[in-house]
Every structure is written in C-alpha cells, then in structure tokens.
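One structure coming up, written as structure tokens, with questions to follow.
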Amino acid sequence: MTPAERAQAVAPLLPNGGDRRSSSRTASERGTFATGNTADYLTARIARDRPDLLERMAAGEFRSVRAAALEAGLTARATTLRLDDASSAARTLRKYASAEFLANLVRELSKDQTAHR
C-alpha cells in the first residue's frame with residue numbers, strides 16, 4: 001500500500017487521555033492495533049497530530065510513511081554503523097551525521113575513558 005493510499009484509508013487515533021477502560025468502547029477505540037513504528041500506527045499518528053502532512057501524503061508527496069513521520073518528528077533517522085571497520089564507520093558518519101553531531105562525538109570519545117569503567 002502506498003503512503004497516499006494509507007493516508008486516504010486511515011482512521012486517526014483518539015486524542016490522548018480520556019476513557020481507556022470502558023467496555024462500551026470498540027476495539028479500534030481501545031487502540032488494539034500495533035503501535036510503535038508500523039506504517040499503520042505512524043499514519044494514524046500523522047492523521048491525529050499533523051493533518052497538514054496527511055494531506056501531503058494523500059497527494060503523493062512522500063515516498064514512504066517513514067519519510068512523512070520523520071518530517072513530523074515522530075521518528076528519528078537511524079542508520080547501520082559497522083564497528084569492525086573504522087574507515088567504514090567514519091564514511092557512514094560523514095555521510096549521514098551533521099557537523100555538530102560529529103564535533104560532539106569527537107568530544108565524547110576524547111573524554112578520559114577510565115571515568116566510564
């Protein structure tokens with residue numbers, strides 16, 4: 001299912017808080033579908049919290065639900081970093097990390113390691 005199709009078929013999440021125990025609520029109202037980083041959950045969060053992005057999803061502006069969730073601030077960018085090859089790790093960090101992040105990383109790595117043991 002494309003992000004545009006998901007955006008058109010989504011049922012937004014209920015607002016935070018409120019009645020979570022009543023037996024009169026339906027299963028979808030109790031939030032029994034998967035949560036976390038699934039495409040369905042992220043689309044429902046976008047529908048509830050960022051309807052402007054949902055409209056853009058429906059218009060086909062995003063190539064994935066995750067791309068829309070990144071813009072909405074619902075998830076963070078993640079990448080794989082090889083720890084068995086320092087050159088490969090450095091290339092990956094240079095490609096994806098900001099200059100500020102790299103400066104902070106160098107500062108953290110330069111700290112006295114005996115304090116962390």
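Hey, any hits in region 63-70 for a residue that's within 19 Å of the chain's Cα centre (by Cα) and either among the basic types (Lys, Arg) or at pLDDT below 85 (or both)?
Taking region 63-70 first, the residues within 19 Å of the chain's Cα centre (by Cα) are 63-70.
Of the ones still in play, those that are also either among the basic types (Lys, Arg) or at pLDDT below 85 (or both) are 63, 66.
There is at least one residue in region 63-70 that is within 19 Å of the chain's Cα centre (by Cα) and either among the basic types (Lys, Arg) or at pLDDT below 85 (or both).
Quickly run through region 68-99 and pick out the residues that are loosely packed, with under 11 Cβ neighbours inside 10 Å and either assigned to a helix (DSSP H, G or I) or touching a Leu at 6+ places or on another chain (Cβ under 6 Å) (or both).
86, 87, 94, 95, 99
The values are calculated or read from the model by the stated rules, or taken from the named source; none is laboratory data. Nothing here was measured: the structure is a model prediction, and the numbers come from that model. Using ideal geometry, Cβ is built from the backbone for each residue, glycine included, and neighbour counts are taken over all protein chains shown.
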